Amino acid sequence: MSPRPLIFKANLMESVVIALASNERYFPGLYCALASALSHLDAAREMDLKVLDSGILQTSRDTLLRLVDRVGKPVRLEFVPVDESLFRDATLGPAESHMTYCRTLLPRLLDVPRLIYLDCDLLVFRDLSELFDSELSPGKILAAVPDSETLTLSDDSRTVASAMNLPAIGRYFNAGVMLLNLNELRKQNFTEKSLEFFENWNGHYRFHDQSAFNFLLHGRIAELPEHWNRASWRFDEQNHNDLDCVLHYTSSAPWLGGTLGPARVLFERFAAEAGLPVNRQSHFFKKSVRQRIWRNGLAPLRALAFPVASLLYRIAGRMDKSAAYQKVARYWFDYIRNAPSRRRLHRRRIQEIIRMKFEFRASPPAS
């Protein structure tokens with residue numbers, strides 16, 4: 001178990017600096033991430049919010065400003081234009097864009113010593129001032145939660161790990177929630193090194209800018225408790241609806257459909273109460289629903305095909321590929337075997353979520 005982070009006394013009344021990156025397609029996620037973060041922030045604290053803007057419409061910016069006014073907490077909101085063309089040599093990211101790579105520009109774009117970075121595809125049910133005030137251990141540049149699926153550097157790229165003389169079993173972290181020491185990242189020329197990394201290793205790394213953070217900063221990342229970045233699939237596997245976490249939709253954006261389960265229903269419920277309901281009639285939402293139907297229909301075939309592929313790779317001497325296919329085969333076998341009990345549990349939890357209420361007005365500071 002990781003030790004509880006220490007607290008910087010000097011930071012206790014400092015503005016909490018938060019950065020997110022978004023384009024228009026991801027705006028519903030940005031809106032809900034910000035709404036949830038503001039509604040759970042200590043009422044005595046101010047927020048300095050930086051939005052890396054990769055094409056947000058003015059109408060959406062106005063909507064975000066109205067949300068800030070509605071919550072009623074002191075927030076300084078700044079839209080920072082970013083140029084995705086800087087990453088033209090990088091592998092395309094989610095939604096066929098380079099927006100996700102903008103995280104690596106934070107040391108260059110923002111003149112602040114430290115901040116919290118948040119992905120847009122999450123909901124915040126904890127007070128982020130607690131994370132912002134946490135002390136980074138000596139020698140650490142950022143803090144993050146270990147990834148729930150990609151466990152080691154070799155799971156991202158064995159080729160890159162070997163070429164950089166890094167341990168294949170090195171711990172791998174998810175970049176969706178990070179506490180960043182920007183002063184140290186500037187000293188390390190992190191942005192410039194990241195751009196070189198994307199150009200030199202294009203086609204070899206799997207997880208876009210997250211790969212750069214893990215390979216370039218290996219050994220300098222502190223581990224955060226899991227509740228600061230809980231994968232939505234883990235939330236779906238819970239037996240309860242406890243929300244004392246930052247919930248991260250790691251597999252699909254819930255405003256575009258995504259996997260049906262407690263986590264997606266929670267997002268839809270929260271979005272409706274926050275004033276920006278999910279548009280179930282959108283092209284992207286309907287497309288996601290069709291894909292989910294196909295996915296569930298093909299589950300039995302996948303459960304049979306992956307063990308065969310694993311065996312063939314083992315015969316060919318490709319033990320890494322064999323192990324990977326065996327891992328996926330076990331997932332699909334368990335997915336089918338546990339379907340009846342999972343549906344019963346999800347029905348109960350979804351009914352609880354539908355009845356949930358969320359508070360968006362600022363409460364007065366404690367006297």
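The values are calculated or read from the model by the stated rules, or taken from the named source; none is laboratory data. Since the model is a prediction, treat every value here as computed from it, not as a measurement. Reconstructed Cβ throughout: ideal geometry from the backbone, glycine too, with neighbour counts over all protein chains shown. Ligands, DNA and RNA are excluded from the accessible area calculation, which covers all protein heavy atoms including side chains. Shrake-Rupley method; radii C 1.70, N 1.55, O 1.52, S 1.80 Å.
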Solvent-accessible surface (1.4 angstrom probe) belonging to Cys120, in square angstrom, nearest 10: 10 Å²
Euclidean distance between Cα centres, region 9-85 to region 272-287, Å: 21 Å
From phi via Karplus (6.51, -1.76, 1.60), per-residue ³J(HN,Hα) for region 153-163 in Hz, x at Gly/Pro: 4, 5, 5, 7, 7, 5, 5, 5, 4, 5, 5
Net charge of neighbours whose Cβ lies under 14 Å from the Cβ of Thr191, counting Lys and Arg as +1 and Asp and Glu as -1: -2
Accessible surface, 1.4 Å probe, highest first, among residues His204, His40: His204, His40
The chain, helix-only ellipticity at 222 nm - DSSP H runs n ≥ 4, -39,500 (n - 2.57), divided by all residues, nearest 500: -13500 deg cm²/dmol
Whole-Hz couplings from phi, Karplus 6.51/-1.76/1.60, listed for region 215-226; x for Gly and Pro: 6, 6, 10, 4, x, 10, 10, 7, 8, 9, x, 4
Matching label, semi-axes √(5λ) of the Cα gyration tensor in Å computed from the structure shown, candidates [x] 41, 24, 17; [y] 37, 22, 21; [z] 32, 28, 20: [z]
Full-extension gain in nm, Asp244 to Asp62, via 0.36 nm per residue minus C-alpha separation: 62.5 nm
Solvent accessible area, Å² - Met164, 1.4 Å probe, full protein context: 60 Å²
Per DSSP, loop trypsin sites (Lys or Arg not before Pro) in region 306-364 with at most 15 further Cβ within 10 Å: Arg318, Arg355, Lys357, Arg361
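Over region 253-292, calculate the relative contact order: mean separation of alpha carbon pairs under 8 Å at least 6 apart, over the residue count, as a percent.
In percent, rounded to a whole number, it is 50.
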Candidate lysines for bridging to Lys286, where Cα separation is under 28 Å - those fewer than 8 sequence places away on the same chain excluded: Lys357
Extension reserve of the Gln281-Arg337 stretch, reckoned as 0.36 nm per residue once the Cα distance is removed: 16.9 nm
Length gained when the stretch Ala44-Glu359 is fully extended (0.36 nm per residue, less Cα-Cα span): 111.7 nm
Apportionment of accessible area to carbon and sulfur, region 10-78, percent (1.4 Å): 50 percent
Sequence-separation-based contact order of the chain, relative, with Cα cut under 8 Å and 6+ spacing, percent: 18 percent
